[in-house]
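Written below as structure tokens is the structure these notes are about.
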Amino acid sequence: MNMIAKKFPNAALIDGEWVTSNKTFPVYDPATGEEIASVPDLGAKDALRAIDAANSALPTWSTKTAKERAAILKRWFDLVTAETESLAQLMTTEQGKPLAESRAEVAYGASFIEWFAEEGKRAYGRTIPTTVASKRYITIKQPIGVVAAITPWNFPIAMITRKVAPALAAGCTIVVKPAAETPLCALAVAKLGKDAGLPPGVLNIVTTKDAPAVGKVFCEDPRVRKLSFTGSTEVGKILYRQCADTVKKLTLELGGNAPLVVFDDADLEQAVAGAMASKYRNAGQTCVCANRILVQSGIYDGFAAALVKAVNKLTVGPGLEPGTAIGPLISSEAIAKVEALVSDAVKKGAKVLTGGTLDNAGPLFYRPSVVGDVTADMSIVQEEIFGPVAALVRFDTEADAVKLANDTPFGLAAYLFSQNLGRAWRVAEKLDVGMVGVNEGIFSNEVVPFGGVKESGLGREGGAEGLEEYLETKYICLGGIDA
Ligand code: ADP
């Protein structure tokens, strides 16, 4: 087994016990193709066992005070932070992103644990002025109950802590199915949670290759009161349907098709820096990556030239090598998709301004690329690219930009670059998305609400809103006041 993988568990976690199985599946380093570990390939029965455990742990965990839960979560935050370097190495080894980005993700992932440890103490209800002299109206907040979470591979720690921390802080217990590509980070973080004092059953991790089977159990079990999912819109829709029969609460963080709009009055340097940060982080494999770069005619040539210059400075290579800016994509399917999108665009008249081919670092490495003269009918701006390819679309007026930006079933993130405050505000209001970066390519953190509209999902993660997702409001009417 790989050295760094050896440091952390390679067994699933159910009811506080490390669970092994005769049936396992391998985890690969996408940079080298090396098998780094194998983990249990659990099934429907194990998923049920994990729900049993979460359900048994619920009464004790939910009746602890928020302060008691916060103390454990704070210890967890400290342990994750203390292990930043080894967690980052593990993440780069199983996911591929450059080490500096992995370190940043460990900090980002840990920040949710710290934030929700604090925020859990502020699950305030209300007293509502009465309408009848004999009655008083109060609301209290209570944990939803057992939660199930299904998470993707692109942020193997943060996508877990962004769900687990608010759930646990609110008093819920949880069962997590991490992506089969990146189960090791999930298990490592869970181990640190166990070390921090999370009682058995409060956090369970079910590793599996058979996501549909485990997902079905999560959706159909009436004891699971909430499902939180981050992943593709396609799978999100399946889960949404499967949760109908038990009327579960849902948080869905689905796909995006983020426009990044550069107006003529943008600061060119700022726009290029924003586009670089938004587009090429994690080799373009984030749901908020700029998927369509809409550039106004007057600045188009200057922007394209400056972007190509910046892109040509990016170093491609294994994430563990110092100086790497672009690591491998997650799989050969991801490479095939990027190649197909670029080739479709070129066939329809787009021009490759730089890149446009595999890199010789290995079969999963794609060169950071810029494709110009893209038009709205090309698949490259209709589908999520999930690779290091910027697609530039020219537009003329502000109204054209808004129309193009909103012409998609998705509505997660958008970015706009303009030095005109009136225009920036006006356009930000008109974009049908959950999040807008104005003159900024990176906006996510633990204190703000992350989420989308339209087919990009339901609910918000992070911020005060992120805690609400795991709470029910109970209204209590107290009668007989005026004796
Ligand atoms: P991605 O393109 O990021 O892999 P997916 O939506 O396919 O997006 O995967 C996100 C998560 O959903 C992963 O943990 C994956 O295993 C899981 N998943 C995929 N298909 C299903 C399904 N039918 N039911 C439940 N979970 C699923």
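The values are calculated or read from the model by the stated rules, or taken from the named source; none is laboratory data. Here the structure is a predicted model, which is why all the values come from computation and not from measurement. Using ideal geometry, Cβ is built from the backbone for each residue, glycine included, and neighbour counts are taken over all protein chains shown. Note: areas computed on protein heavy atoms with side chains; ligands, DNA, RNA excluded. Shrake-Rupley method; radii C 1.70, N 1.55, O 1.52, S 1.80 Å.
Applying a threshold of 9 Å to beta carbon distances and a minimum spacing of six or more residues, or different chains, the list of pairs starting in the range 103-129 at a residue that is free of Cβ contacts under 8 Å to residues at least 24 places away in the same chain and ending at one that is of a type in the set (Gly, Ala, Ser) reads ARG103/ALA88; ALA104/ALA88.
Counting only residues that are of a type in the set (S, T, N, Q), assigned to a loop (DSSP other than H, G, I, E, B) and buried (at least 24 other Cβ atoms within 10 Å of the Cβ), which one in the range 198-232 is farthest from the ligand (Cβ to nearest atom)?
For the range 198-232, the residue satisfying everything is THR207.
Take the conditions (1) touching a strand residue (DSSP E or B) at 6+ places or on another chain (Cβ under 6 Å); (2) more than 11 Å from the ligand (Cβ to nearest atom); THR161 misses just one of them, which is (1). Pairing each residue of the range 233-249 that is near the ligand (Cβ under 10 Å from one of its atoms) with any residue that is among the aromatic types (Phe, Trp, Tyr), provided the two are 6+ apart or on different chains, yields C-beta distances under 6 Å for GLY236/PHE229; LEU239/PHE229.
GLU440 meets each of the listed conditions (1) crowded, with 20+ Cβ neighbours inside 10 Å; (2) within 30 Å of PRO328 (Cβ to Cβ) apart from (1). The strands (runs of 3 or more DSSP E) found entirely in the range 364-483 that carry 2 or more residues being without any contact (Cβ under 8 Å) to a residue 60 or more places away in the chain are 369-374, 435-438.
Within the range 322-342, can you find the residues that are more than 16 Å from the ligand (Cβ to nearest atom), over 25 Å from GLY274 (Cβ atoms) and surrounded by 15 or more Cβ atoms within 10 Å (Cβ to Cβ)?
The answer is GLU339, and nothing else.
Within the range 433-483, the residues that satisfy the criterion of being out of contact with any Leu (no Cβ under 8 Å at 6 or more places or on another chain) and among the charged types (D, E, K, R) are GLU440, GLU446, LYS454, ARG460, GLU461, GLU465, GLU468, GLU469, GLU472, LYS474, ASP482.
Taking the conditions exactly as written (closer than 18 Å to ASP78 by Cβ and within 23 Å of the chain's Cα centre (by Cα)), does GLU114 satisfy them or not? Spelling it out, GLU114 is indeed closer than 18 Å to ASP78 by Cβ and within 23 Å of the chain's Cα centre (by Cα).
Considered as a group, the residues in the range 268-314 that are touching a strand residue (DSSP E or B) at 6+ places or on another chain (Cβ under 7 Å) and open to solvent by 30 Å² or more (accessible area, probe 1.4 Å) include one that is nearest to PRO152 (Cα to Cα), and that residue is LEU314. ALA148 passes every criterion in (1) within 14 Å of the ligand (Cβ to nearest atom); (2) in contact with a strand residue (DSSP E or B) (Cβ under 9 Å, 6 or more places away or on another chain); (3) open to solvent by 20 Å² or more (accessible area, probe 1.4 Å) apart from (3).
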